[in-house]
Amino acid sequence: MTIPAAHLAYSRRQLILAAGAAVASALQPAWAQAPAPAWAEVEKAARGQTVYFNAWAGSEQINAYIQWAASEILAAHGVKLEHVKISDAADVVKRVRTEKAAGRQSGEGTVDLIWINGENFAAMKREALLGAPFAHSLPNFAYVDTVGKPTTLSDFSVPTDGLESPWGMAQLTFFADRKRLPQPPQSSAELLALARQQPGRISYPRPPAFHGTTFVKQALIEHTTNAAALARPFTPAAFAATTAPLWAYLDALHPHLWRGGKQFPASAGAIRQMVSDGELLIGITFNPNEAANEIAARRLPASTTSWQFAKGTVGNTHFVAIPYNASARAGAMVVANFLLSPKAQARKADIQHWGDPTVLDVAKLSAAERALFNAAPLPGQVQQTAPALPEPHSSWVDPLEKEWARRYGGS
């Protein structure tokens, strides 16, 4: 079989990147210096393997993207990717935990790759449910923007230590019809002022719905006087002092919300529909391209605009990880590497396919690869990206949700 010249060039570049990663390993911390097989050996071992990728299946676009990736990976590497469709990554964590308790060793697991971040990653790392570090040995990791996007190395303030590979970016984003809201609020304080001016037209999802908890985190970060404590593991003493300004803010905000803050929409999707119906002014999302997707699907008007608060909004990275007992570890590494390729990242960033922002530093790419990301801005996309504020340490999430429920959940 004749191998196309472009493929040969790509392979040579992969080998160069792998060699560069090996040289750089001398400067990496101890966890990154464990011996790793040469990439050519990984690819050889992966050929013929089936990788069971446990990933959320709540979006037709995402499911279609994973199916596209599977066809590309099979054609290029001889690795079969099976999408195990799940609704909650926590269920997968429980399954791997059960397998470990049952003594299922390396090569005996049912999960080869998992889409994960936040508390689920923290639990798997803490309980040694993940395999050896692998992310920094992936050739395409050389393209990751670890400087401009530091959350590619830290998952909810927990260092990834190479145990998971970044896949996509997310950041708290708001959207509204500019005909109804010509001057969107640029901070939580301005949001409170707007709620006072427009009573009953603002709300947020009820925690523990993800977007609701994220809204609470945003208000916490903006109002706390001890931001450094949020990067450290939770303690009751730190929690009480650090969150006091948050509760004062929410106490002031809630009386002006939809239904007087006595009830909250169940989800961001419910709020999006209420915005579309004109009942609420502002929608909330964790995908900066969601409004553009909704405009394209004609579920929101073309006059919808998206924005992030001027000084920043909560942002994070989502990852893929390999459990300690994966049956197809080499295949899982090949899949993770493909998901970091410029081709795969550009398709994922395209709202026609998904609209999930890239983890790559596009400036590191060739001119031809950069061109893959140069689609013209579409109506509804964020025009001015704000800084991504780091998530609080994952151990803060449960106490925040419980205290919110204690204060506001019974009303």
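The values are calculated or read from the model by the stated rules, or taken from the named source; none is laboratory data. If you're wondering where the values come from, they're calculated on a predicted model, not measured in any experiment. Reconstructed Cβ throughout: ideal geometry from the backbone, glycine too, with neighbour counts over all protein chains shown.
Selection of the stretch 39-64 for residues being of a type in the set (G, A, S) and either in a helix (DSSP H, G or I) or surrounded by 19 or more Cβ atoms within 10 Å (Cβ to Cβ) (or both) yields A40, A45, A46, A55, A64.
Being of a type in the set (D, E) and in contact (Cβ under 8 Å) with a residue 40 or more places away in the chain is the filter here; which residues of the stretch 354-411 pass it? Residues satisfying the conditions are D356, D361, E391, D398, E401, E403. Going through the stretch 267-278 one residue at a time, which ones are touching a residue at least 24 places away in the same chain (Cβ under 8 Å) and part of a loop (DSSP other than H, G, I, E, B)? S267, G278 - these are the residues of the stretch 267-278 that are touching a residue at least 24 places away in the same chain (Cβ under 8 Å) and part of a loop (DSSP other than H, G, I, E, B).
Comparison of A240, A228 shows that the only residue that is among the small types (G, A, S) and over 15 Å from W404 (Cα atoms) is A228. Scanning the stretch 382-411 for residues that are outside any loop (DSSP other than H, G, I, E, B) and exposed (fewer than 14 other Cβ atoms within 10 Å of the Cβ), we see that the one that is nearest to the chain's Cα centre (by Cα) is D398.
When the stretch 174-196 is filtered for residues that are in contact with a Gly (Cβ under 9 Å, 6 or more places away or on another chain) and crowded, with 21+ Cβ neighbours inside 10 Å, the ones remaining, listed by number, are F174, F175, A176. Which of the residues belonging to the stretch 142-162 are of a type in the set (A, V, I, L, M) and in contact with a helix residue (DSSP H, G or I) (Cβ under 6 Å, 6 or more places away or on another chain)? Selection gives A142, V144, V158.
Which members of the stretch 160-170 meet the condition of being touching a Pro at 6+ places or on another chain (Cβ under 9 Å) and modelled with pLDDT of 95 or more? Hits for the stretch 160-170 are T160, D161, G162, L163, G168. Screening the stretch 65-75 for residues that are within 15 Å of E43 (Cα to Cα) and exposed (fewer than 15 other Cβ atoms within 10 Å of the Cβ) and picking the one that is farthest from the chain's Cα centre (by Cα) gives A75.
Regarding the stretch 267-278, can at least one residue be identified that is buried (at least 16 other Cβ atoms within 10 Å of the Cβ) and among the β-branched types (V, I, T)? Scanning the stretch 267-278, I find at least one residue that is buried (at least 16 other Cβ atoms within 10 Å of the Cβ) and among the β-branched types (V, I, T), so the answer is yes. Remark: I116 matches the filter, which requires a residue to be closer than 26 Å to F286 by Cβ and touching a His at 6+ places or on another chain (Cβ under 8 Å). Just to be sure, is S203 buried (at least 18 other Cβ atoms within 10 Å of the Cβ), part of a strand (DSSP E or B), out of contact with any Cys (no Cβ under 9 Å at 6 or more places or on another chain) and of a type in the set (S, T, N, Q)? Against the criterion (buried (at least 18 other Cβ atoms within 10 Å of the Cβ), part of a strand (DSSP E or B), out of contact with any Cys (no Cβ under 9 Å at 6 or more places or on another chain) and of a type in the set (S, T, N, Q)), S203 does not qualify.
Count of the stretch 284-306 residues, restricted to those that are within 16 Å of the chain's Cα centre (by Cα) and either free of Cβ contacts under 8 Å to residues at least 24 places away in the same chain or in a strand (DSSP E or B) (or both), is 2.
How many residues does the stretch 238-266 hold that are surrounded by 12 or more Cβ atoms within 10 Å (Cβ to Cβ) and part of a loop (DSSP other than H, G, I, E, B)? Looking only at that region, the number is 5.
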